[in-house]
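To start, the structure under review is shown below, and the notes come after it.
The values are calculated or read from the model by the stated rules, or taken from the named source; none is laboratory data. This structure is a prediction, so every number in the text was calculated from the model and none was measured. Backbone-built Cβ (ideal geometry, glycine too); neighbour counts: all protein chains shown.
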Amino acid sequence: MAKIKDIASDLFNLAKGVGLSKEATGAQQEFSLDKFTGKIQERNSLARANRFVVKIAPPEWAKGQSETVNDLMFFCDAVNLPGASIVPVDIKKQGYGTFDRRASNIIPEEVTVSVMLDSAGRNLSFFHQWLANIVNMNAQYGEDGSVNGATTGEVFYRDHYLSPKIEIEVYDTGARLTNKVTCFDVWPSQVSPVTLGWSQNDEFARVQVNFQLRYFTENNADVSIGSDPRELSAFEQILRIGQAAKALKSSFKTPNNVGDVINVVSNGQTFLKALGGKI
C-alpha cells in the first residue's frame, strides 16, 4: 500500500513539474534564457526598425525651399544607417616576398532614402531640381538652357549643391531618442525611376534617393537618464500620421454597401483621432 502511495505521489509531482528542472551548469549556464533576457533588458530592449526620423538640411541652392525640405521628414518611410569600407593595400616590406595587407583608406557607404510622393508632386520635383543643380541636364530651365547660369551638361561648384548634413534619429518604444547618426557633406548621386501601375490600388508611389557623404558620426543617448518623450513632438506627429494612413488604407475602395460606408466613416474617425482632431 505504501508503495502505491509513493508512486501516486511521484506522478502528482511530475504532473506539477516538480523534480524535472535541473540546475544549469557549464554552457547551459552561459546561454540561459534568463541571462539572455536580462542582458536585453539592461540595454533597454532590442531596437525597432520602424522608429526613426530623417532630417535633411537644405543645400545652398534650396535655401528658399526650406519648408519643402523640412516637410520631407514626414515622407521618408525607409532609410539605411550608413556603413563604411576600409580599402586594403598589399605591401612587400623589402620589395619582395609575401604581401603584408594593410589599411590605406576608408570609404563611407552611401545612404539610401525612400520617400513617399505627394499628389502635388513637390517631393519628386525637389529631388529632380537637386540633380539639375549638380549637373545641368535639362535645357528647359531658362531660355538659354541654363540653370542658375550653368549650361546643359555643366557641373556646379560643390558648395552650391552640398547639403551640410542629414540626421537619422532612432527612437525606442517609449519615443525616447536612443541614437543619432549625422552624415556630413551630402549630395544625391541617383534618383530612381518611379514605378506606376494600374494594379497598384493600395500602394503609394515612392522614389529612392541615393546620397553620397564625406563622413558620418554617431551619438548614443543614455535613455536611463530619462529624456522626456513630450519633447519629441515631430516624432509623435509622424507616428500619428502612420496610424492614420494605416486606418485609411482599407477605405480606398469605393463603398458598395452599407457595411462599406460604416467602415469608411469609422476609419475617418480613427484618422481624425490619430491626428489629434475632434470628431
(message) Is it the case, given these coordinates, that Val186 is of a type in the set (A, V, I, L, M, F, W, C), outside any loop (DSSP other than H, G, I, E, B) and surrounded by 11 or more Cβ atoms within 10 Å (Cβ to Cβ)?
(response) yes
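Could you check segment 99-133 and list, in sequence order, the residues that are among the aromatic types (Phe, Trp, Tyr) and farther than 23 Å from Phe184 by Cβ? Break it down stepwise before answering.
The initial filter retains those residues of segment 99-133 that are among the aromatic types (Phe, Trp, Tyr), namely 99, 126-127, 130.
Selection gives Phe99 alone.
Residue-wise test of (1) within 30 Å of Ser125 (Cα to Cα); (2) in a loop (DSSP other than H, G, I, E, B).
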{"site": "Thr68", "(1), (2)": "yes, no"}
{"site": "Met73", "(1), (2)": "yes, no"}
{"site": "Leu81", "(1), (2)": "yes, yes"}
{"site": "Ser85", "(1), (2)": "no, no"}
{"site": "Asp90", "(1), (2)": "no, no"}
{"site": "Lys93", "(1), (2)": "no, yes"}
{"site": "Gly97", "(1), (2)": "no, yes"}
{"site": "Asn105", "(1), (2)": "no, no"}
{"site": "Thr112", "(1), (2)": "yes, no"}
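State which residue is nearest to the chain's Cα centre (by Cα) when the search covers only segment 37-54 and only residues that are polar (S, T, N, Q) and part of a loop (DSSP other than H, G, I, E, B).
The first filter runs over segment 37-54 and keeps only residues polar (S, T, N, Q), leaving 37, 41, 44-45, 50.
Imposing the further condition that a residue be part of a loop (DSSP other than H, G, I, E, B) reduces the set to 44-45, 50.
Numbers: Asn44: 19, Ser45: 18, Asn50: 6 Å.
Only one residue tops the list, namely Asn50.
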(request) From Asn201, Asn179, Asn220, Asn210, grab the single residue that is touching a residue at least 40 places away in the same chain (Cβ under 8 Å) and over 22 Å from Ile56 (Cα atoms). (result) Asn201
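Can you find even one residue in segment 201-223 that is at pLDDT below 65 and in the same structural domain as Gln129 (by TED's automatic domain parsing)? Before you say what the answer is, go through the steps one by one.
Pass one, segment 201-223, residues at pLDDT below 65: 223.
Applying the additional criterion that residues be in the same structural domain as Gln129 (by TED's automatic domain parsing) yields 223.
The answer is yes; a qualifying residue exists.
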(message) Please go through (1) at pLDDT 90 or above; (2) under 16 Å from the mean Cα position of the chain (by Cα); (3) part of a loop (DSSP other than H, G, I, E, B) for Pro58 and return the number of the only condition it doesn't satisfy.
(response) (2)
(request) With the condition kept exactly as written, say whether any residue in segment 91-109 is buried (at least 16 other Cβ atoms within 10 Å of the Cβ) and within 22 Å of the chain's Cα centre (by Cα). (result) yes
